Amino acid sequence: MNYNKWKVAEAEAERPSALLAAGYNPLLASLLNLRGISEPGEAERFLYGGAEILEEPLLMKGMPQAVKRIRAAIERRECLAVYGDYDVDGITSTCLLTDWLRSMGLVCHSYIPDRIKEGYGLNCGAIEKLKNMGVSLIISVDCGITAAEEADFARRLGVDLIITDHHECREQTLPVACAVIDPKQEGCGYPNKDLAGVGVALKLACAVEGDSSSVIDRYADIAAIGTVADVVPLTGENRYIVRRGLAKLEDSPRLGIEALLKESGAADRKVSSSTIGFSLAPRLNAAGRLGCVDVALELLMTEEPAAAERLAAELCELNRRRQSLETDIWQEACDMMEAQQKDTPIVLSSERWHQGVIGIAASKLAEQYALPTVMICLDGDKGKGSCRSYGGFNIFDALSACSEHLEGFGGHALAAGLNIKRDKLGAFCRAFAEYYRINRPRELPTLSCDLCIREPEMLSVENVESLSILEPFGSGNPRPLLCIKGARLDKLTPIGGGKHLRISVSFRTQGFECVFFSHTESDVRVREGDCVDLAFTPQINEFRFRKSVQLQLSAIKRHDGRELCGEILGGSPELWEAAAFCPDRPSFVKVWRRLESEGGRVARDLDGVMRQCPYGVEPEKFCICLVALSELGLLGEPERGLVYGARMTKNSQKVRLEDSELIKKLRARLNYGR
């Protein structure tokens with residue numbers, strides 16, 4: 001992604017003294033402070049909080065009614081069905097609740113609709129099929145909050161329905177059922193509105209059993225996979241559930257998950273949220289996208305090693321097929337975009353696309369063109385679409401405003417799905433574009449860096465290793481994004497067949513190796529020898545039993561110090577930002593020699609000063625040296641201001657660089673919070 005602006009707030013550089021005194025190292029203490037945690041007690045609760053942070057499930061609206069109905073079903077030994085969604089959250093929700101109900105001695109069928117033939121959510125045909133199988137109670141997971149008509153149909157058939165969901169809901173269309181559980185519904189007093197669908201299913205099992213501890217012990221791994229995959233905030237009880245789940249995945253994974261870790265090449269690495277996000281979730285998701293969701297469901301529930309290995313191999317093959325389809329769709333969509341406007345939301349349609357893969361392509365298109373994107377698969381007079389937001393634009397609200405042109409829709413602010421008639425496409429495009437024109441985000445995404453690294457020592461192996469304590473990373477607790485300003489780009493090396501880059505940089509007295517995935521030399525627009533800014537996540541690289549810090553880049557740009565240089569030469573710099581360029585004695589020596597080679601005179605304007613900057617010295621550092629030399633009487637007779645046009649003086653008195661007022665302020669700022 002390209003960013004128009006990089007942002008680093010001054011307060012983020014602070015290092016809380018209480019955390020430092022409690023033994024937290026400077027980098028971790030700074031990042032905890034960034035997350036609003038400055039006291040040891042707060043840090044302890046956030047990092048290591050136990051079961052006490054779990055919320056009471058019966059606080060959820062509709063939960064008491066659901067508990068009563070399910071306990072009655074257990075007593076009467078009824079036949080139940082769990083009806084889920086075909087994404088990872090829905091698959092794990094279905095697996096969790098089905099397995100738990102069976103452990104209660106019930107016959108329980110699991111049903112996930114075919115993505116291609118049936119589409120999303122409850123449908124009347126499936127409800128009737130389950131009724132004919134003897135099912136008297138259906139529990140939906142990760143879907144159903146908009147299924148008002150389907151709930152009426154179930155009631156007429158004599159099938160009871162409990163709905164559990166976590167998607168946005170409109171009160172005027174809530175279904176009538178035995179119980180409707182969704183923390184986002186009006187009047188729900190449950191504190192955590194950010195549970196994933198599998199989190200709601202977990203809470204239902206906890207409430208019925210009356211013992212959250214034992215249920216979480218059994219299902220934290222399944223809940224963690226769905227929670228991470230659905231990108232809900234990993235704070236509070238979500239963080240606790242995922243942390244417990246990661247430990248279970250590491251120490252005693254289910255047979256199917258163990259086989260999938262091995263088949264995907266992740267078995268020899270520590271299990272983290274990234275393992276879920278990049279190894280497990282895509283393969284589970286591929287089954288749902290390609291209409292083979294039963295493969296994923298069976299893998300999670302199997303207790304036979306041979307079946308686990310076979311199903312894991314099948315999932316990996318499905319994922320490879322998904323990747324191939326995605327590439328074809330992406331290329332065709334890019335070709336179509338050549339004839340499209342680039343300032344209105346993207347709406348593309350085709351009869352050739354695979355419905356299960358267009359959501360991924362829509363996400364890539366939204367990133368590529370910085371616009372909300374809708375991609376629609378047409379089949380006869382009907383179409384099914386996947387929608388992705390960009391830049392904070394609320395896609396769910398947009399679809400609500402255009403609903404008169406749709407057959408149906410649902411989802412979140414960032415991602416949604418829709419059904420539409422072919423003959424309504426033109427009207428929808430116009431209404432969608434008009435809504436975007438009125439509600440266009442004021443600013444395109446800004447790259448927000450957590451911390452500007454001023455000294456290379458902050459990126460020691462020990463400091464970077466300590467960041468693992470912040471795991472699990474995800475929405476609400478993102479992996480730290482740091483930045484360095486004014487590094488020297490030493491070398492660019494294509495790797496991975498030219499698809500990625502290895503970049504070597506020098507910062508102060510230290511060198512760092514960087515990797516920049518999915519970028520080529522032509523993408524980055526910088527050259528060897530340039531002074532650059534880096535946005536990155538630090539990580540530990542181990543090679544031949546030697547650990548080193550590697551920077552995984554998110555962005556790189558040519559360093560532009562003009563604004564700060566102007567402030568420094570004008571006498572009013574932002575001290576927290578300028579402190580990163582506080583010069584040492586060798587820098588002053590380079591600057592002095594450069595001035596001598598320039599005839600002993602400073603240029604008369606900013607452009608001239610920038611051109612005078614000696615090689616190997618950042619422009620900001622050069623300007624600080626000029627101001628300090630002026631304050632110490634080594635530059636005099638400026639034509640305007642403090643420095644512009646100043647000449648080197650013949651001052652024979654010995655001076656101390658530390659006596660410069662600017663140097664004193666910058667060093668005080670550097671030592672702030674240490």
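The values are calculated or read from the model by the stated rules, or taken from the named source; none is laboratory data. This structure is a prediction, so every number in the text was calculated from the model and none was measured. Using ideal geometry, Cβ is built from the backbone for each residue, glycine included, and neighbour counts are taken over all protein chains shown. Protein only, heavy atoms only, side chains kept; ligands, DNA and RNA dropped before computing areas. Shrake-Rupley method; radii C 1.70, N 1.55, O 1.52, S 1.80 Å.
Structure notes:
- Considering the stretch 266-282, and only residues there that are of a type outside the set (Ser, Thr, Tyr) and under 19 Å from the mean Cα position of the chain (by Cα), the residue that is surrounded by the most Cβ atoms within 10 Å (Cβ to Cβ) turns out to be 276.
- Residue 96 part of a helix (DSSP H, G or I) and either surrounded by fewer than 23 Cβ atoms within 10 Å (Cβ to Cβ) or within 24 Å of the chain's Cα centre (by Cα) (or both): no
- Hey, residue 619 closer than 22 Å to residue 529 by Cα and surrounded by fewer than 18 Cβ atoms within 10 Å (Cβ to Cβ) or not: no
- Residue, nearest to residue 224 (Cα to Cα), within the stretch 414-471, restricted to residues that are β-branched (Val, Ile, Thr) and at pLDDT 90 or above: 469
- Tabulated pairs, the stretch 44-71, first of a type in the set (Phe, Trp, Tyr), second surrounded by 15 or more Cβ atoms within 10 Å (Cβ to Cβ), C-beta under 6 angstrom, 6+ apart or interchain: 46/37
- Number of residues in the stretch 161-198 that are part of a helix (DSSP H, G or I) and either over 23 Å from residue 242 (Cα atoms) or in contact with a His (Cβ under 7 Å, 6 or more places away or on another chain) (or both): the value is 4.
- Selection over the stretch 537-579 of residues that are farther than 29 Å from residue 518 by Cβ, of a type in the set (Gly, Ala, Ser) and within 31 Å of the chain's Cα centre (by Cα) gives a count of 2.
- The residues of the stretch 454-490 that are open to solvent by less than 40 Å² (accessible area, probe 1.4 Å), under 20 Å from residue 37 (Cβ atoms) and either part of a strand (DSSP E or B) or β-branched (Val, Ile, Thr) (or both), listed by number, are 464, 474, 477, 482.
- The stretch 135-160: number of residues that are touching a helix residue (DSSP H, G or I) at 6+ places or on another chain (Cβ under 7 Å) and either among the small types (Gly, Ala, Ser) or open to solvent by 10 Å² or more (accessible area, probe 1.4 Å) (or both): 7
- Taking the criterion of being open to solvent by 20 Å² or more (accessible area, probe 1.4 Å) and of a type in the set (A, V, I, L, M, F, W, C), the residues of the stretch 557-592 that qualify are 575, 576, 582, 589, 592.
- Residue 127 assigned to a strand (DSSP E or B), among the β-branched types (Val, Ile, Thr), closer than 17 Å to residue 80 by Cβ and touching a residue at least 12 places away in the same chain (Cβ under 8 Å): no
- Residue 395, sole failed condition from (1) within 16 Å of residue 431 (Cβ to Cβ); (2) open to solvent by 20 Å² or more (accessible area, probe 1.4 Å): (2)
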